[in-house]
Amino acid sequence: MTDWKPNASLEVLRQRSEMLSTIRKFFAERNVLEIETPLLCRNAATDVFIKSFEVSVTSKTTTEKRYLQTSPEYAMKRMLAAGSGPIFQICKSFRAEESSRLHNSEFTMLEWYRPAFSMFELMDEVELLVSCLCDAGSIPRFSYRELFIKHLQFDPHIISPTELKNIAEKKMELSGEGFSSTDYLQLLMDKCVEPLMPAMCFVFDYPVAQCALSKIEEDDQGQAVARRFEFYGQGMEIANGYLELTDSNEQRRRIENDIEERKQRGLASYSIDERLLAALDSGLPTCSGVALGIDRLLMLVTGNSSIDQVLSFTDTTA
């Protein structure tokens, strides 16, 4: 057997260590509290595009389902509702997807929340952090609408489902049924927009159907949009942030819709995290939060093209 050695070079592993130290220093200087939350929980993310690992936990009398967390988001929001103030966490996260150039099923996540921050203020802070780690300069920002109009000549917020389907099928030679408007937009983003974006940029104000756990507000053109953003580097999605939804009734409705869509797609069925909703009921402060992939950020900083090159051991060697 010859694959016992680490995948990443020792130099890259040293750079990882230095990056983590810099991140902790960055937040310490801003009085953001580092916390830890469980990796194994009773509930899973209901997002139809996220697959969770299920684990059986057996005691003397019972066997319960638990899930490796795809993000510490739910637990961190419970902390915020309890009055934690600004918080951050560096932890392992897990997603049940096939390994690829950009994905390992176990990866390192940096997630932080800022009470009273707007989405744009949090984008400013992401830019500051990235600038501490590499020569980022001023990172350009584009609305989702702006990119689609520039590269595909249509407004993604108002295009009809039929017209969107026709464009997607023509651009990507798709055929058949089973694609939603969100699926088509995501495919067009992946294949036709992302390759044309600058080396680093922010994309913000997504279609309402992609709101996930973000607030919906009107933009400067009076169009309802999801107040969320993504940070891209070298064509990779590195961070995903929201102006966080604080309404427990609206959050319940979205989770129920996710559960129904999972059923229609034949995906695993998950229950509602009632503790999350109870936390929102008690009063989640107005805040913005962001999840950032440490491994992909390290790829950006070191110039490596595969996630395997920045991990000590991968899905195939762990």
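The values are calculated or read from the model by the stated rules, or taken from the named source; none is laboratory data. Fair warning: this is a prediction, and the values are worked out from it, not measured in the lab. Glycine also receives a Cβ, built like all others from the backbone with ideal geometry; neighbour counts cover every protein chain displayed.
A few points about this structure:
- Matching residues, the stretch 233-271, being of a type in the set (Gly, Ala, Ser), over 17 Å from the mean Cα position of the chain (by Cα) and either over 22 Å from Arg42 (Cβ atoms) or part of a helix (DSSP H, G or I) (or both): Ser248, Gly266
- Count of residues meeting criterion [free of Cβ contacts under 8 Å to residues at least 40 places away in the same chain and closer than 24 Å to Asp247 by Cβ] in the stretch 182-207: 1
- For beta carbons closer than 8 Å, sequence separation of 6+ or different chains, a first residue in the stretch 16-36 that is without any contact (Cβ under 8 Å) to a residue 60 or more places away in the chain and a second that is surrounded by 14 or more Cβ atoms within 10 Å (Cβ to Cβ) and in a helix (DSSP H, G or I), the qualifying pairs are Glu34/Arg24; Glu34/Phe27; Ile35/Met76; Ile35/Met79.
- If you go through the stretch 204-228 and pick out every residue that is assigned to a strand (DSSP E or B) and crowded, with 17+ Cβ neighbours inside 10 Å, you end up with 8.
- Filtered by the rule that a residue be buried (at least 21 other Cβ atoms within 10 Å of the Cβ) and within 15 Å of Glu73 (Cα to Cα), the stretch 229-250 gives Ala239, Gly241, Tyr242, Leu243, Glu244.
- Residue match in the stretch 246-259 (condition: at pLDDT 95 or above, in contact with a helix residue (DSSP H, G or I) (Cβ under 7 Å, 6 or more places away or on another chain) and closer than 20 Å to Phe120 by Cβ): yes
- Given (1) closer than 24 Å to Met299 by Cβ; (2) out of contact with any strand residue (DSSP E or B) (no Cβ under 9 Å at 6 or more places or on another chain), index of the condition Ser175 fails: (1)
- One residue from Val225, Val193, Val203 being in contact with a Pro (Cβ under 9 Å, 6 or more places away or on another chain) and among the β-branched types (Val, Ile, Thr): Val225
- Residue match in the stretch 306-318 (condition: closer than 28 Å to Glu125 by Cβ, in contact with a Gly (Cβ under 8 Å, 6 or more places away or on another chain) and surrounded by 15 or more Cβ atoms within 10 Å (Cβ to Cβ)): no
- Number of residues in the stretch 93-150 that are hydroxyl-bearing (Ser, Thr, Tyr) and exposed (fewer than 14 other Cβ atoms within 10 Å of the Cβ) equals 4.
- Here is the figure for the stretch 238-283: residues that are of a type outside the set (Gly, Ala, Ser) and touching a residue at least 60 places away in the same chain (Cβ under 8 Å) total 17.
- Given (1) farther than 29 Å from Glu111 by Cα; (2) in a loop (DSSP other than H, G, I, E, B), number of the condition Ala168 does not satisfy: (2)
- Of all residues in the stretch 281-298, those satisfying the criterion of being touching a Leu at 6+ places or on another chain (Cβ under 8 Å) and either at pLDDT below 95 or part of a helix (DSSP H, G or I) (or both) are Ile294, Asp295, Arg296, Leu297.
- Number of positions in the stretch 151-166 that are surrounded by 13 or more Cβ atoms within 10 Å (Cβ to Cβ), farther than 22 Å from Ser214 by Cβ and modelled with pLDDT of 95 or more: 3
- Filter result (of a type in the set (S, T, N, Q), at pLDDT below 95 and out of contact with any Ser or Thr (no Cβ under 6 Å at 6 or more places or on another chain)) within the stretch 37-80: Thr58, Ser59, Thr61, Thr62
- In the condition set (1) closer than 16 Å to Ser269 by Cα; (2) not hydrophobic (A, V, I, L, M, F, W, C); (3) not in a loop (DSSP other than H, G, I, E, B), Arg24 is compliant with all but (1).
- Set Glu127, Glu97: member being assigned to a loop (DSSP other than H, G, I, E, B), within 17 Å of the chain's Cα centre (by Cα) and of a type in the set (D, E, K, R): Glu97
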